[in-house]
Amino acid sequence: MVKLNLVCPAALTEQLVEYLLESEWLDGGFTSLATHGHGGDFMGASPREKVRGRVQSLTVVAILPTGNVTALLEALRGRFRNPHLVWWTEPVLGFGDFA
């Protein structure tokens, strides 16, 4: 299992969430969190965001089988060509619920 983290600019959040809800690779669902990005490129930032030194974004966290990660990332890259949509993965040592 792998934890996939996606950080998405505010302008793409609705499109990304809709895409992920229909994704065949995320049958276990995902969690989305309103976040702020600090530092980096402020090209698309509003004047208010530039003054505050942070931009609004959405972070998506999903746990998925290791074999699904490459296919999902390729699909996302094909659909969302945006340098501000970033991702990283982390190994998951355990995952479950308390049912």
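The values are calculated or read from the model by the stated rules, or taken from the named source; none is laboratory data. Computed from a predicted model, the values in this text were never measured in an experiment. Heads up, the Cβs are rebuilt from the backbone with ideal geometry, glycines too, and the neighbour counts pull from every protein chain shown. Please note that ligands, DNA and RNA were not included when accessible areas were found on the heavy atoms of the full protein model with its side chains. Shrake-Rupley method; radii C 1.70, N 1.55, O 1.52, S 1.80 Å.
Does segment 80-99 hold any residues that are open to solvent by 40 Å² or more (accessible area, probe 1.4 Å) and closer than 22 Å to Gly37 by Cα, and which are they?
Arg81, Asn82, Pro83, His84, Val86, Trp87, Trp88, Thr89, Glu90
Go through segment 51-85 and count every residue that is in a strand (DSSP E or B) and modelled with pLDDT under 90.
Qualifying residue count for the region: 4.
Do we have any residue at all in segment 67-90 that's over 25 Å from Leu12 (Cβ atoms) and β-branched (Val, Ile, Thr)?
No, because not a single residue in segment 67-90 is over 25 Å from Leu12 (Cβ atoms) and β-branched (Val, Ile, Thr).
Kindly provide the set of residues from segment 86-97 that are assigned to a loop (DSSP other than H, G, I, E, B) and either of a type in the set (D, E, K, R) or in contact with a strand residue (DSSP E or B) (Cβ under 7 Å, 6 or more places away or on another chain) (or both), ordered by number.
Val92, Phe95, Asp97
Of all residues being open to solvent by 90 Å² or more (accessible area, probe 1.4 Å) and outside any helix (DSSP H, G or I) in segment 6-28, which is farthest from Asn82 (Cα to Cα)? Just the residue, please.
Only one residue tops the list, namely Asp27.
Give all pairs with beta carbons closer than 6 Å in which a residue from segment 74-99 that is over 14 Å from Val60 (Cβ atoms) meets a residue that is assigned to a loop (DSSP other than H, G, I, E, B); count only pairs at least 6 apart in sequence or on separate chains.
Val92/Met1; Phe95/Met1
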